[in-house]
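The values are calculated or read from the model by the stated rules, or taken from the named source; none is laboratory data. Since the structure is predicted, the reported quantities are computational estimates derived from the model, not experimental observations. In this analysis, Cβ positions are derived from the backbone assuming ideal geometry, glycine residues included, and neighbour counts consider all displayed protein chains.
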Amino acid sequence: MDCRLDLKDSHNYRDKDCKAIGVDISGYSTPFVPRMVEQKMDFANVETWVKLKSTINSDPFIDPGGGSDITPEAEDEDIGIEEDGAEYDGEVDGGVGSFRDDLDTANDHEGIAREVKVVEGENDPDSNEPPAPAAHFPFENNTAQGRNTRGQIASYAGATMSTQFRHHLFTVLILGQRARLIRWDRASAAVTESFDYTERPLLLFEYFKRFAQLDRSRRGIDPNVEPATKNEAKMARVRLRNVDSEYWLGAAAAAYKDMVDIETQPFLRLRFKGRIFIVPAPHCDDYGLSPFGRATRARVAIDTANNELRYMKEYWRDNVAGSTPEAAIYDRLNALKIKFVAKMECGGDTAQVTDGHNWTMFPWVSAVPGTKLRVRPRLGHRIVLENIGRSLLTFRTARQFLTCLADGMEGVLLTFRLTRSPCLTVGL
């Protein structure tokens with residue numbers, strides 16, 4: 001396990017791969033995406049972060065009853081992060097780290113960090129506006145400053161999760177002399193009541209101590225993903241050199257095609273269903289700043305069994321009764337040999353699940369009196385297809401486009417005749 005955490009002052013730095021945004025303090029250990037030049041603000045590698053606000057007026061939340069119920073005795077209690085109980089022996093979990101010279105590294109051609117430095121940090125405008133609870137969510141502060149802070153920390157959490165393979169994330173919000181701990185996943189965020197860290201400094205100390213003792217999986221990182229080796233990345237670049245960037249940048253192509261080329265694109269090694277794929281490290285696209293929702297990512301991947309290109313799609317599906325997984329639909333369509341349906345190489349749910357729905361009935365959860373807080377459970381899902389589609393912009397004639405539509409309609413009609421289920425293809 002890692003058993004280490006390096007905190008860096010990043011308040012004057014912005015990540016160029018994440019809409020030029022940045023947090024104030026960034027926590028790192030073993031790089032998830034190794035760099036030739038280390039960055040102070042690197043959402044692809046940050047494991048926890050701290051957002052600083054100068055006054056309590058910027059608090060995005062309101063404690064029940066107007067104040068915190070955290071007692072001094074809470075310093076000796078469990079704060080929700082499990083300790084592994086093992087001492088750090090100098091070894092890093094899985095042997096993955098910047099010290100390995102066989103791992104692929106990527107940065108700008110000039111060998112400089114993919115970040116920008118700003119002259120001044122963010123300044124909070126002075127405001128004496130009292131906290132105002134939102135009508136339907138009384139725990140949320142509905143003032144302009146409260147909404148602004150809430151949007152900021154949500155976008156930072158979204159950027160972190162969109163540039164990594166994560167199932168949850170721990171962060172800290174400091175507001176003047178008070179602080180909150182937040183756990184994010186794709187369904188919800190669990191926020192502690194605020195506490196005065198000048199009176200109870202051990203709460204923050206215990207948080208960082210326990211976090212540093214967690215292995216990568218408990219920190220929220222998918223243990224099935226690690227940096228690609230130099231040979232694996234070299235093979236991937238050869239296979240993708242003549243492929244349009246839209247295929248390996250995914251939805252982020254429009255924003256990054258002039259900033260990243262195949263030589264500066266980092267690659268990762270992903271294990272799934274007993275197979276190994278080399279995948280481009282994700283970038284933060286236009287929808288990546290939201291920490292909640294399906295968070296769909298689709299791009300090409302290279303199957304190491306035969307070095308062939310495959311189409312990989314992953315997202316967080318609703319884990320509710322009556323919801324048919326997409327992989328199950330492809331299995332059924334392929335078994336029926338339906339024409340004009342892509343062949344699925346492998347697919348299914350991952351081991352990643354959200355937890356927020358399990359906490360909604362706890363007495364410490366703040367909600368509108370007499371109502372139930374609704375949090376939708378989500379489950380990680382991934383499919384790998386043999387067929388790779390083409391952008392509609394590549395069609396040369398209207399005939400090509402209409403032919404695709406006709407083929408799709410024929411596939412739907414054939415599916416209905418064989419299964420009597422016209423909804424079988426919903427979500428594909």
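Within the range 324-364, which residues are farther than 23 Å from Leu270 by Cα and among the aromatic types (Phe, Trp, Tyr)? So that I can check it myself, show each step before the final result.
Filtering the range 324-364 for residues farther than 23 Å from Leu270 by Cα gives 324, 329, 332-341, 355-364.
The answer is Phe340, Trp359, Phe362, Trp364.
List every residue pair whose Cβ atoms lie under 8 Å apart, where the two residues are 6 or more positions apart in sequence or sit on different chains, the first residue falls within the range 283-304 and is farther than 25 Å from Glu345 by Cβ, and the second residue, located anywhere, is of a type in the set (Phe, Trp, Tyr).
So the pair list comes out as Cys284/Phe43; Pro291/Trp184; Gly293/Trp316.
Residues that are within 22 Å of the chain's Cα centre (by Cα) and modelled with pLDDT of 95 or more: which strands (runs of 3 or more DSSP E) entirely in the range 109-186 hold 2 or more of them? Full working, then the answer.
Values: elements: 115-117, 169-175, 178-184.
Qualifying strands (runs of 3 or more DSSP E): 169-175, 178-184.
Tally up the residues in the range 1-30 that are acidic (Asp, Glu), out of contact with any Asp or Glu (no Cβ under 8 Å at 6 or more places or on another chain) and surrounded by fewer than 23 Cβ atoms within 10 Å (Cβ to Cβ), please.
1
Is it fair to say Tyr287 is hydroxyl-bearing (Ser, Thr, Tyr) and out of contact with any strand residue (DSSP E or B) (no Cβ under 7 Å at 6 or more places or on another chain)?
The answer is yes for Tyr287.
Name the residue, out of Phe401, Phe416, that is surrounded by fewer than 16 Cβ atoms within 10 Å (Cβ to Cβ), at pLDDT 80 or above, assigned to a helix (DSSP H, G or I) and aromatic (Phe, Trp, Tyr).
Phe401
Name every residue in the range 324-356 that is at pLDDT below 90, buried (at least 17 other Cβ atoms within 10 Å of the Cβ) and part of a loop (DSSP other than H, G, I, E, B), in order of residue number.
Ile338, Val341
Which of (1) under 25 Å from the mean Cα position of the chain (by Cα); (2) under 28 Å from Pro363 (Cα atoms) is the odd one out, the single condition Arg216 does not satisfy?
(2)
Name, by its number, the condition in (1) closer than 25 Å to Ala295 by Cα; (2) surrounded by fewer than 16 Cβ atoms within 10 Å (Cβ to Cβ); (3) at pLDDT 90 or above that does not hold for Ala406.
Here Ala406 clears every test but (1).
Among the residues of the range 192-208, write down those that are crowded, with 20+ Cβ neighbours inside 10 Å and assigned to a strand (DSSP E or B).
Result: Phe195, single match.
If you take the residues of the range 21-39 that are more than 17 Å from the chain's Cα centre (by Cα) and at pLDDT below 90, which of them is farthest from Val118 (Cα to Cα)?
Ranking the qualifying residues of the range 21-39, first place goes to Thr30.
Do any residues in the range 387-402 that are closer than 25 Å to Met344 by Cβ and touching a residue at least 12 places away in the same chain (Cβ under 8 Å) have Cβ atoms under 8 Å from those of residues that are β-branched (Val, Ile, Thr) and not in a helix (DSSP H, G or I), where the two are at least six apart or on different chains, and which pairs are they?
Hits for this filter: Ile388/Val300.
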